[in-house]
Amino acid sequence: QSMFAAVQLAPRDPILGLTEAFNADTRTNKVNLGVGVYYDDNGKLPLLAAVREAEKTRLEAAPARGYLPIEGFGAYNQAVQQLLFGKDSPLLAAGRVATFEALGGTGGLKIGADFLKRLAPNAEVWISDPSWENHRALFEGAGFKVNAYPYYDSASHGVNFAGMLAALNAMPSGSIAVLHACCHNPTGVDLSVEQWKQVVQAVRSRGLVAFLDMAYQGFGDGIEEDAAALRLFADSGLPFFVSSSFSKSFSLYGERVGALSIVTLDRDETTRVISQVKRVIRTNYSNPPTHGAAIVAAVLSTPELRKLWEQELAGMRERIRQMRVQLVEKLKARGVKQDFSFVTTQRGMFSYSGLTSAQVDRLREEFGIYAIATGRICLAALNSRNIDPVADAIAKVVA
Ligand code: PLP
């Protein structure tokens, strides 16, 4: 009898399954709107010029590949802090932030979750309904019971803020609230600054632990603008957690460049927290990889490269915005009665388009256009060549 005889086949990842079906589709005009990455107007994953420049310099310097410290590359961690909290943040001056290079935003969430489990073994985690599909599994994997708070309101294509706030105000003290800092995945629907102020207030009055997930800084309204929620938490004086990622903003998906930042109440706490999170990292993967962090640190700390990156990031953000505007206009021009204008107020790569799963099925079967059954589409998968056929097809399935 094999030791694996009782191992059951795990369910397929629904999004990867969609990609497999897309790849197997022989239609030449097929379009995959189910992806979670940014494609340029040629439908290609970009390699940013700022990254290419930094890589050239690094290749020429031919650095040896020693181990990094457990917490990662110092210059990188410092650059992450400045991007998240602002260069002149009093939190940084006061030594209140511990930052660890992590294996993508996912890695930041995971080491944060493992540390929290040691810190608060009985706390429960709350994620938005709906949320990035890995949030639940990741926190469950770290040993937490995971609940959901109301978030998306399908009737208004907006946030059910009253429901969200009521849920926050009813959570047991010490509960961990996972919050999308900007560009909510999968809905594209974000809170206003006023609403964030109320969230901070609820976190304070209920004694909750906020865990902000910042995977899309710069994809919404701008690098600084997208940090607004995080800055409100920073100003609050509360401790909190932030996972962040350069997968999207640097188009460095496979290099796994992210971070975990933990805001404490003072420098002494920071020192003790660092010592404990280092144990979590040491027993997981020992220390993080060098290349991606070195590239990001070089770009962020070299003025010309930083400027180039900011321009390229603005270009990605602007192209997505254009696709949102054009899709809505093109649907209108095709006589679609249904109001899709909410698509232009959503932020980031994704939209809960309001398409039903039956309509998504028709898009795929009749037109070779692939989307998630929930109606989530990736606006960054649209481009000047495919947007007309996509608008044609959507106009037909919603008619
Ligand atoms: N958090 C959210 C909300 C995401 O959408 C993603 C990626 O899609 C991540 C975290 C993970 O990012 P990374 O690829 O850097 O691990």
To the nearest 10 degrees, how steeply does helix 357-367 sit against the main Cα axis of the chain, on a 0 to 90 scale? 60
Equivalent ellipsoid semi-axes, region 291-399, via Cα gyration tensor eigenvalues times 5, rooted, Å: 34, 15, 11
Nearest 10 degrees, 0 to 90: what angle lies between the long axis of helix 104-119 and the longest principal axis of the chain (Cα atoms)? 50
Suppose R0 equals 35 Å. What FRET efficiency, 1/(1 + (r/R0)^6) with r the Cβ-Cβ distance, do ASN23 and ALA399 give to the nearest 0.05? 0.75
Going through region 1-82, which chymotrypsin sites (Phe, Trp or Tyr not before Pro) have at most 15 other Cβ atoms within 10 Å and a DSSP loop state? PHE4, TYR67
For Cα pairs less than 8 Å apart in space and 6+ apart in sequence, what is the mean separation divided by the residue count of region 174-324, i.e. the relative contact order in percent? 20
Helix-only mean residue ellipticity at 222 nm, the chain, DSSP H runs n ≥ 4 weighted -39,500 (n - 2.57), per residue, nearest 500. What is it? -14500 deg cm²/dmol
J(HN,Hα) series, region 211-228, from Karplus relation 6.51 cos²θ - 1.76 cosθ + 1.60, nearest Hz, glycine and proline x: 10, 8, 9, 10, 9, 9, 4, x, 8, x, 10, x, 4, 6, 4, 6, 8, 4
Can you list the lysines whose alpha carbon is less than 20 Å from that of LYS332, not counting same-chain residues fewer than 8 positions off? LYS396
If each residue of separation counts as 0.36 nm, what is the full-extension length gain between ALA62 and ASP268 once their alpha-carbon separation is subtracted? 70.4 nm
Centre separation in Å (Cα based) which lies between region 199-220 and region 98-172: 10
0 to 90° range, to nearest 10: angle between helix 267-284 axis and the chain longest Cα axis: 60
Fraction of antiparallel bridges per DSSP, the chain only, in percent to nearest 5: 50
In terms of the alpha carbon gyration tensor, root eigenvalues a ≥ b ≥ c, rounded if a/c is under 1.5 and otherwise prolate when a/b exceeds b/c or oblate, region 126-274 is rounded
With no solvent and one equal point scatterer per Cα, compute the Debye intensity ratio I(q)/I(0) for the chain at 0.06, 0.08, 0.15 Å⁻¹ and report its log10, rounded to two decimals. -0.24, -0.44, -1.44
Straight-line reach check, LYS145, cutoff 21 Å on alpha carbons, 8 or more apart in-chain or any other chain, hits among lysines -> LYS110, LYS117
Using 27 Å as the Cα-Cα cut-off, could you pick out the over-long pairs in LYS87/LYS278; LYS197/LYS337; LYS248/LYS337? LYS197/LYS337; LYS248/LYS337
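Every number in this text was worked out from the coordinates using simple rules, so none of it is lab data. Because the structure is predicted, anything quoted here is derived from the model rather than measured. With ideal geometry, Cβ positions are generated from the backbone for all residues, glycine too; neighbour counts draw on all protein chains shown.
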